[in-house]
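What follows is a single structure, written as structure tokens, with notes after it.
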Amino acid sequence: MRLSKMYIRTLREVPNEAEIPSHIWLLRAGMIRRLVSGVYGFMPLGFRSVRKIEDIVREEMDAKGGQEIHMSALQPAELWQESGRWYAYGPEMWRLRDRNEREFCLGPTHEEIFTDIVRSEVSSYRQLPLNLYQIQTKYRDEKRPRFGLMRSREFVMKDAYSFDRDWEGLDQSYRDMYDAYERVFTRCGLVFRAVEADTGAIGGSASHEFTALSEVGESEIAYCGSCDMAATSERAECVNDTPSDEAELPLEKVVTPGTKTIAEVAGFLKVDEKQTIKALLFRVYGEAEESVSYVAAFIRGDRELNMTKLVNALGVPEHAVEFADEAEMGAVTGSVGGFTGPVGLHDCKILVDSELVGLKNLVAGACEKDHHLINVNYGRDYKGDIVTDLKLIKAGDKCPVCGAPVKMARGIEVGQVFKLGTKYSKSMGAYYKDENMNDQLIIMGCYGIGVTRTLAAIVEQHHDENGIIWPMSVAPYHVIVTVVNTEDEQQTVLAETIYQELLKAGIEALIDDRKERPGVKFKDADVLGIPVRITVGKKAAEGVVEYKLRKESAFSEISAEAAASDAIAYVRAELSK
């Protein structure tokens, strides 16, 4: 492709909206264009890389027996109501009505649609197992879209759905998809980890998230250096502190003026924060707008609450929980902002972190302004409606598997696999006939890859201060031939010869034949991140060119023939990995 004919516009300045490297460089390279907040279009070079990621995904899915189909993004509300997710999915779902007032949504995912297809067309065990997938645009009305393609309202996703006769079949389908995902992300040039994850709004019994390691990632993972434990922070189990064997002391109320925070009360009473109880107050909405209840969650004072664990313990959607207005909740339950404790609360659900059960003589709010209780003990002084692990794991905590100190890292979620089991087949009536003509529920799994998010993750891991450094497998083009002076006939002839030789060898090549200054061409080549650059300049008359790999700073002066042959060999070697 000739750059003089290509629709491309690189940017010299960092766009105001861009905050992280992938967003900056994809905009500066002219590969994406912003329409409105959270909505981006793909320009020629960017779209080529998207298609290459899609091709890798297709190859690996097909290799595992997946069959590609394409469903509409417009989905009728009835199917979501049938599965029970019309309410549960929450405000992220784009909802709309047609002229006849029939409700639809723009699909954030397609579990209901694929389940509907299979229940209508699969009747016998002989038709199973089955794996159907699509690569399609998805829509989620993000509250705060940011970071370009990382958290956007419209994105391209590969979603696959497996249908099996039994749980053993699901286990095999899950392993197949897990293996396929490892190959996809390896071929895309990503450094990643597969970690246990929460199932969230998708549901199911088990899940793994594929996380591309990056400091700008929104996903936090906990892992152990001594064993194989790895999980997202929201999914990771926490180990309770060693239970106390000290004697329970008499409950006592003390005056603690103005001490609303854990740090303030611990300092005032001269106790460790580990000896305090932290209260967090919530308002929970039911499906009916007028249905409201209150929840008080209690954890050790030095801990942080894991909101995902709280939501899962309550069995409600995440969007149904919000922090309570202290005055409103206090009028109903007796809580007091800054001085709430588990003793004396009423008319609210009390959740207690399992760690508190074994600890003795703690400090908690007295549900009275400027007062706290000391020597608070579980069982004697208060009880929980739900007792479970509510803690957020942090670096240095004990590994739940082997007890070694846990480490933390950040990453970008690029894929996730789920064991759905019968979640959708049961609610939507997806059965098959077994050998004895008895009805059996189909066992399901689902598997997603964020194609456009993967593009952003690749740039996060492959860039420098000058621009993108594409892995060969997803580079929009493999080689760029730069003509320093297009007015010099010897340069243009030699560049054209190299360019044609590359094309003849099946190498995807660009030739920068624009009437631009050399500095502009060199800077653009770096920003675009094409893996190999061959520069034809003042030594063209001698048949000598500059040969440079984008990932390296140095270049070499070699013959034009050697440059072409080296580029061909290098590209083929990289693509064969």
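The values are calculated or read from the model by the stated rules, or taken from the named source; none is laboratory data. Predicted, not measured: the structure shown is a model, and the values here were computed from it. Glycine also receives a Cβ, built like all others from the backbone with ideal geometry; neighbour counts cover every protein chain displayed.
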**Q.** Some residue of the range 542-565 being surrounded by 17 or more Cβ atoms within 10 Å (Cβ to Cβ), assigned to a helix (DSSP H, G or I) and free of Cβ contacts under 8 Å to residues at least 60 places away in the same chain
**A.** no
On the given criteria, is G217 at positive phi and in contact with a helix residue (DSSP H, G or I) (Cβ under 9 Å, 6 or more places away or on another chain)?
no
Only one of (1) assigned to a loop (DSSP other than H, G, I, E, B); (2) surrounded by fewer than 19 Cβ atoms within 10 Å (Cβ to Cβ); (3) hydrophobic (A, V, I, L, M, F, W, C) does not apply to V332, and that is (1)
How many residues of the range 15-59 are in contact with a Leu (Cβ under 8 Å, 6 or more places away or on another chain) and among the hydrophobic types (A, V, I, L, M, F, W, C)? The answer is 9
Condition set among the β-branched types (V, I, T) and under 17 Å from G301 (Cα atoms), scope the range 381-425, selection surrounded by the fewest Cβ atoms within 10 Å (Cβ to Cβ): answer is T388
The lone condition Y285 fails out of (1) in contact with a strand residue (DSSP E or B) (Cβ under 8 Å, 6 or more places away or on another chain); (2) farther than 17 Å from N377 by Cβ; (3) modelled with pLDDT of 95 or more; (4) of a type outside the set (A, V, I, L, M, F, W, C) is (3)
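Yes/no matrix, rows are residues, columns are (1) assigned by TED's automatic domain parsing to the domain that holds G445; (2) crowded, with 17+ Cβ neighbours inside 10 Å; (3) not aliphatic (A, V, I, L, M):
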{"site": "A197", "(1), (2), (3)": "yes, yes, no"}
{"site": "H208", "(1), (2), (3)": "yes, yes, yes"}
{"site": "V216", "(1), (2), (3)": "yes, yes, no"}
{"site": "S219", "(1), (2), (3)": "yes, yes, yes"}
{"site": "A222", "(1), (2), (3)": "yes, yes, no"}
{"site": "C227", "(1), (2), (3)": "yes, no, yes"}
{"site": "A231", "(1), (2), (3)": "yes, yes, no"}
{"site": "T256", "(1), (2), (3)": "no, yes, yes"}
{"site": "Q275", "(1), (2), (3)": "no, yes, yes"}
inquiry  = Kindly evaluate E264 against the criterion of being more than 24 Å from R146 (Cα to Cα), outside the structural domain of S425 (by TED's automatic domain parsing), in contact with a helix residue (DSSP H, G or I) (Cβ under 9 Å, 6 or more places away or on another chain) and free of Cβ contacts under 8 Å to residues at least 40 places away in the same chain.
reply    = no
Residues of the range 485-530 being surrounded by fewer than 22 Cβ atoms within 10 Å (Cβ to Cβ), of a type in the set (V, I, T) and not in a helix (DSSP H, G or I), in sequence order, are T486, I507
Evaluate the following for I374: is it surrounded by fewer than 21 Cβ atoms within 10 Å (Cβ to Cβ), in contact (Cβ under 8 Å) with a residue 24 or more places away in the chain, within 36 Å of the chain's Cα centre (by Cα) and in the same structural domain as K274 (by TED's automatic domain parsing)? no
Note to self: Here is a check on your reading of the model: is M71 in a loop (DSSP other than H, G, I, E, B), modelled with pLDDT of 95 or more and surrounded by 13 or more Cβ atoms within 10 Å (Cβ to Cβ)?
What the structure shows: yes
Open item on the list: Based on this model, can you work out whether I468 counts as assigned by TED's automatic domain parsing to the domain that holds Q416 and either touching a helix residue (DSSP H, G or I) at 6+ places or on another chain (Cβ under 6 Å) or surrounded by fewer than 19 Cβ atoms within 10 Å (Cβ to Cβ) (or both)?
Closed with: no
Of the listed residues (S226, S173, S244, S162), the one being part of a strand (DSSP E or B) and among the hydroxyl-bearing types (S, T, Y) is S162
Practice problem: Could you tell me whether L45 is more than 24 Å from the chain's Cα centre (by Cα) and outside any loop (DSSP other than H, G, I, E, B)? | Solution: yes
Scanning the range 176-197 for residues that are modelled with pLDDT under 95, of a type in the set (D, E, K, R) and either under 14 Å from G448 (Cα atoms) or part of a loop (DSSP other than H, G, I, E, B) (or both) gives none
Answer yes or no as to whether A320 is at pLDDT below 95 and within 32 Å of the chain's Cα centre (by Cα).
yes
Within the range 307-323, residues out of contact with any helix residue (DSSP H, G or I) (no Cβ under 9 Å at 6 or more places or on another chain) and crowded, with 17+ Cβ neighbours inside 10 Å come out as K309, L310, N312, A313
When the range 138-159 is checked residue by residue, the ones that are surrounded by fewer than 17 Cβ atoms within 10 Å (Cβ to Cβ), touching a residue at least 12 places away in the same chain (Cβ under 8 Å), basic (K, R) and part of a loop (DSSP other than H, G, I, E, B) are K143
Expected single match for in a helix (DSSP H, G or I), surrounded by fewer than 21 Cβ atoms within 10 Å (Cβ to Cβ) and at negative phi among R58, R12, R33 is R58
